[in-house]
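FYI, it's all coordinate maths here, none of it is from the lab. Since the structure is predicted, the reported quantities are computational estimates derived from the model, not experimental observations. When we count neighbours, we look across all protein chains shown, and the Cβ atoms used for this are built from the backbone with ideal geometry, even at glycine.
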Amino acid sequence: MKEKILKSNFLCITLILVMLSLTGVSQPGSQDKPRQQEKELRMPPQPPQFPQPPENCRPDHGFPPKLDLPEMTSEQEEQLKTMGTKHMQALIPLKAQLAEKEAGLIILLIADNPDSKKISTSIEEISKLRTNILKQVVDHDLSIRKILTPEQKVVFDLRPKPFIGSKDH
């Protein structure tokens, strides 16, 4: 009888130890987090990643991106290409200025003694640039609509307007 009790106690203790050891092994260790953080600190800083043009805007797909409108004539395509090039030539400097002003605002915000007047001025300049960019994009869309047929306008008008509600144009 004593032997049965000893065997059952030994079996219970063994099962408990096995369960505890499995539980400790299966959980992600908190000791791994400091090691990961140390690796990240030792890694050299990565250069900034510049946005890549969309798939349909790469050289092998033609520039500017095709609108996929029904029954486009070669004359319309040529006009769109010319208008797209002019549009991008106008937008690139504005976007560069916007990026510069936004970086300047960040510098003003993280200064030891932030100057609220300079911050306010910087915000106003950023707002003006964003307004100018939006006007350029809308004017471009309106000029595209002028060369389209009524059927093409319907398809063109149904496409999403990414310039509304985002800062990427």
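So for the range 72-158, Kirkwood radius off the Cα pairs, Stokes-Einstein at 4 °C and 1.567 mPa s: how many µm² s⁻¹?
Details: Rh = 15.4 Å.
Answer, rounded: 84 µm²/s.
Placing a label point 7 Å from the Cα of Asp115 along the Cα-to-Cβ line, the residues of the range 82-106 whose backbone N sits under 20 Å from it are 100-106.
Model label sites at Asp68 and Arg130, defined 7 Å from Cα along the beta-carbon direction, differ in position by 3.0 nm.
Over the range 72-158, how many pairs of lysines fall under 29 Å by alpha carbon, counting only those 8 or more apart in sequence or from different chains? The number of close lysine pairs in the range 72-158 is 28. Take the Cβ atoms of Glu100 and Met19, set R0 to 45 Å, and the FRET efficiency comes out at 0.15. Using R0 = 22 Å, the C-beta based FRET efficiency linking Glu77 and Ile164 works out to 0.30.
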